[in-house]
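Right, one structure below, let's go through it.
The values are calculated or read from the model by the stated rules, or taken from the named source; none is laboratory data. Given the structure is predicted, the values throughout are model-derived calculations rather than measurements. Don't worry about glycine lacking a Cβ; one is built from the backbone with ideal geometry, like all the others, and counts go over all protein chains shown. With ligands, DNA and RNA removed, areas are computed over all heavy atoms of the protein, side chains included. Shrake-Rupley method; radii C 1.70, N 1.55, O 1.52, S 1.80 Å.
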Amino acid sequence: MESIYYVMAWACHRRCKHCYEERFRPYVRGALDTVVAEAVRNFPRIVDHFPERMTYIDLADVPDAEGQYPQKTGRVVLSGGESLLDAVRESVTYPVIERLQRRYAGQGGVKVVVQTTGDLLTDRIVGELLERGVYMISVASVDDFHVGLEGEAKQRAFMDRLSELFQCHGMRPSGLQATTRNWHEDQGPLYSFFGATPDSWIGKLWPRGRAWQSNLPRATLADNFCNRWSGGLNFLRHAYNGSEVSVEPDGSVYPCCVKTALPLGNLCEEPLIDILDSLVGVPAYEAITMGHPERMGLAHGWSEEDFNAASRTTLPDGRPYQNLCIGCDRFHEQVLGPVLAEARARRDAARGITAAVAAPRRRTVLINPLSPVKD
């Protein structure tokens, strides 16, 4: 597989108003202990259910003399929250990196990317990350939404300071933009900067979390988050270039970083590739992997016009809003629960698991801006 975006823990030291996930926030005392304990408890099973190899065939490259396309090393992006918080770094982030390196040693390797806001980085932490074979440190906070980094002057000073720190450790700036899919093909160790700027692929902000509550998303029906990198595009084609999924601290896996209203499955319970392969040929998920969510419902009596109509809602401040992610949420809520349950039943049957054994599973309760919480 080319890429896995793994949110290891919910803990963060910031509460940014543009964040797509309201669970990313400061936790204290017992609440902090709880979110860290969840991450510690789950990461061994999650990592062990990653693909056997983190390699992929790049059909966008040039084939060799025998017509074979090159096989390349994929990446795992480790994120939060804030992956470098004291409470998370030693007990979660470092052990996850070490487990990934052991798992893929001799299996084609893996490129580990640590994503951070950057303001917790020190000389010691950079050294400890590189000692564990981290390929890239990606600073994801260079925008006006992060308190203390408002304006070009503050952002430039911030990047200059961190660039000097990185270069003292022999790191090089990535030669490719964060919006370029193959940026991770540079020779590491590397560093990069990005943020929710107007020109970035997340600049219009996903209709999720505190961004939604703050009335910030500017995406329209014409902004198809699904049909781009970190969207659902190509997620089912895990053997080839362009495939990425997102994983939460409880093991829930999604076809995109935006996250569908229901997870595809759970990596604490079963392998990622089994989950993906069970959805091949399922019309709704084939539409997502092709980057056409508006076609998700064709096999269920939803025309594209129906889907677009379901994509209409209002922002919390009452303004009208329309985006395909909203229609995707509603289609999951109204139609896809049984479809996902059937896919899980097929996987269970293939492994010889009976219904009685499979029954006591975790349950996901959806909280979104479109409808009341249903327990």
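Checked against (1) over 15 Å from the mean Cα position of the chain (by Cα); (2) aromatic (F, W, Y); (3) under 25 Å from P320 (Cβ atoms), F225 passes all but a single condition, namely (1). Taken as a whole, region 103-116 holds no residue that is assigned to a loop (DSSP other than H, G, I, E, B) and under 19 Å from P198 (Cα atoms).
Where the second residue is aromatic (F, W, Y) and at pLDDT below 95 and the first is under 14 Å from L336 (Cα atoms) and assigned to a strand (DSSP E or B) and lies in region 244-265, which pairs have Cβ atoms under 7 Å and are six or more apart or on separate chains? Here the result reads none, with nothing in region 244-265 linked to a residue that is aromatic (F, W, Y) and at pLDDT below 95. Every test in (1) more than 26 Å from E150 (Cβ to Cβ); (2) surrounded by 20 or more Cβ atoms within 10 Å (Cβ to Cβ); (3) modelled with pLDDT of 95 or more is passed by A239 save one, and that test is (2). Determine, yes or no, whether E333 is farther than 17 Å from W206 by Cα, in contact with a helix residue (DSSP H, G or I) (Cβ under 6 Å, 6 or more places away or on another chain) and at pLDDT 95 or above. Answer is no for this residue.
Within region 314-330, the set of residues being open to solvent by less than 20 Å² (accessible area, probe 1.4 Å) and over 21 Å from the mean Cα position of the chain (by Cα) comprises L315, Y321.
Taking into account only those residues within region 9-51 that are among the acidic types (D, E) and touching a residue at least 60 places away in the same chain (Cβ under 8 Å), which is farthest from A239 (Cα to Cα)? So the residue we want is E22.
Of all the numbered requirements in (1) under 25 Å from V258 (Cα atoms); (2) surrounded by fewer than 18 Cβ atoms within 10 Å (Cβ to Cβ); (3) out of contact with any Phe, Trp or Tyr (no Cβ under 8 Å at 6 or more places or on another chain), T34 misses one, and that requirement is (3). Condition (residue is over 20 Å from the mean Cα position of the chain (by Cα), loosely packed, with under 14 Cβ neighbours inside 10 Å and more than 27 Å from V258 (Cα to Cα)) applied to region 180-189: is it met by at least one residue? Yes; the residues of region 180-189 include at least one that is over 20 Å from the mean Cα position of the chain (by Cα), loosely packed, with under 14 Cβ neighbours inside 10 Å and more than 27 Å from V258 (Cα to Cα).
Going by the structure shown, is D61 more than 22 Å from the chain's Cα centre (by Cα), open to solvent by 40 Å² or more (accessible area, probe 1.4 Å) and acidic (D, E)?
yes
Remark: pairs (first residue in region 214-235, more than 24 Å from C16 (Cα to Cα) and at pLDDT 95 or above; second residue in a helix (DSSP H, G or I) and of a type in the set (S, T, Y); Cβ separation under 8 Å; 6+ apart in sequence or on different chains) = G232/T289; L233/T289; N234/T289; F235/T289.
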